[in-house]
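One structure below.
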Amino acid sequence: MQQFTITEEGLKKLQKKILTSTIPLYLFLLLVIAILSGVLSGSGVNSSGLILLLIFVPIFTITIFINIKRQKAVLSSYRLTITEDSITREMHNTPSIVLLHKNIQEIVKNANGSFAIIADSKINAIGVPQYIERSEELEQLLVSIKPLKVKTSTPWYQKYPFVLPVTIIGLIGASFYSNNQYLQIVGIAGFVATLIFGFIVIQKSKNIDFKLKRMSYFMLIPILSMLYALIVKLSEL
C-alpha cells in the first residue's frame with residue numbers, strides 16, 4: 001500500500017490559485033446583482049439597489065476568506081491510497097472515492113502535471129493535483145495499472161473560464177431586458193437549464209464537500225422562480 005499527500009509548497013500554490021479564481025467569480029456575482037437591482041440601469045443610480053449592493057459586498061468579502069480557509073483545510077487532508085486492487089481518494093468533509101483497478105477506464109496526465117483517474121463516471125473521477133508528493137513514483141504506479149493518456153494542451157474551458165459567466169450574463173440580460181418575447185423565453189429557458197445542470201452535478205459529484213452540497217439547495221429558489229416566469233411567458237404566446 002502506498003499513500004500520497006500534497007506538499008506544503010503545493011498547498012500554498014493551490015491556495016493562491018483558489019484566491020485568484022474565486023475573486024473574479026464573486027465580482028461576477030456582484031455584477032449580476034448590480035444588473036438585477038438596477039444599479040447599472042440607464043435611468044440613473046437606483047438607491048435601493050445600491051444599498052443592496054453595499055450589503056452584499058462585505059458578505060461576499062467574508063465569504064471569500066471563509067471559503068479559502070475551508071478549501072485549505074480540505075486540501076491539507078487530501079490523501080491518495082493505492083493498494084493492489086484499488087485507488088482511494090480521501091478528503092475532509094468530502095465523500096471518499098474508491099476505484100477498483102479493474103474498473104479504471106482511463107488515466108490522464110494533464111499538461112500541468114496533474115492526473116485524472118477515470119472509471120465509470122467522469123464526474124466522480126479521482127483528481128490528483130500537480131503538487132502531489134513523490135510525483136514520479138506515483139506516475140510509475142499509475143502506469144503499472146493503466147497506460148497513461150498524456151495531454152499536451154489545456155482544454156478551452158480551462159483556458160477561457162470567463163466564457164460560461166459571460167454566457168450566463170447574456171441569458172440573464174435576455175431574460176430581463178429584452179423586449180422580444182421569444183428571446184426572453186430562450187434566455188429564461190437557457191438560464192434555468194444551466195442552473196439545473198449545475199445543481200445536478202454538485203449533488204452527484206464526490207469531489208465537492210458536504211457543506212457546498214447543502215448550500216446548493218438555495219439554487220432551487222431561483223430555479224423555481226424562473227420556471228414560474230417561463231410558464232407565464234409561454235402562456236402569453
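The values are calculated or read from the model by the stated rules, or taken from the named source; none is laboratory data. Keep in mind that what you see is a predicted model, and the values were worked out from it rather than measured. Heads up, the Cβs are rebuilt from the backbone with ideal geometry, glycines too, and the neighbour counts pull from every protein chain shown. When the accessible area is computed, the model is the full protein with side chains, heavy atoms only, and any ligands, DNA or RNA have been set aside. Shrake-Rupley method; radii C 1.70, N 1.55, O 1.52, S 1.80 Å.
Being open to solvent by 60 Å² or more (accessible area, probe 1.4 Å) and free of Cβ contacts under 8 Å to residues at least 12 places away in the same chain is the filter; apply it to segment 207-216 and report the residue that is nearest to ILE185 (Cα to Cα).
Applying the filter and picking the extreme gives MET215.
Please tell me if LYS211 is in a loop (DSSP other than H, G, I, E, B) and under 26 Å from the mean Cα position of the chain (by Cα).
No.
Being more than 18 Å from PHE4 (Cα to Cα), at pLDDT 90 or above and open to solvent by less than 50 Å² (accessible area, probe 1.4 Å) narrows it down to one of ILE104, ILE64, ILE126, ILE97, so name that one.
After ruling out the rest, the residue left standing is ILE104.
With respect to the numbered conditions (1) small (Gly, Ala, Ser); (2) modelled with pLDDT under 85; (3) part of a helix (DSSP H, G or I), which one is the sole condition not fulfilled by ALA193?
Checking ALA193 against (1) small (Gly, Ala, Ser); (2) modelled with pLDDT under 85; (3) part of a helix (DSSP H, G or I), the one that fails is (2).
Collect the residues in segment 140-181 that are modelled with pLDDT of 85 or more, assigned to a helix (DSSP H, G or I) and either open to solvent by 60 Å² or more (accessible area, probe 1.4 Å) or touching an Asp or Glu at 6+ places or on another chain (Cβ under 9 Å) (or both), keeping them in residue-number order.
Residues satisfying the conditions are GLN140, VAL143, SER144.
Which of the residues belonging to segment 65-97 are closer than 16 Å to LEU142 by Cβ and among the hydrophobic types (A, V, I, L, M, F, W, C)?
Selection gives LEU80, ILE82, ILE87, ILE97.
Let's see how each residue does on (1) at positive phi; (2) touching a residue at least 60 places away in the same chain (Cβ under 8 Å); (3) in contact with a Leu (Cβ under 6 Å, 6 or more places away or on another chain):
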| site | (1), (2), (3) |
| --- | --- |
| SER86 | no, no, yes |
| GLU90 | no, no, no |
| ILE97 | no, yes, no |
| ASN103 | no, no, no |
| SER135 | no, no, no |
| VAL143 | no, no, no |
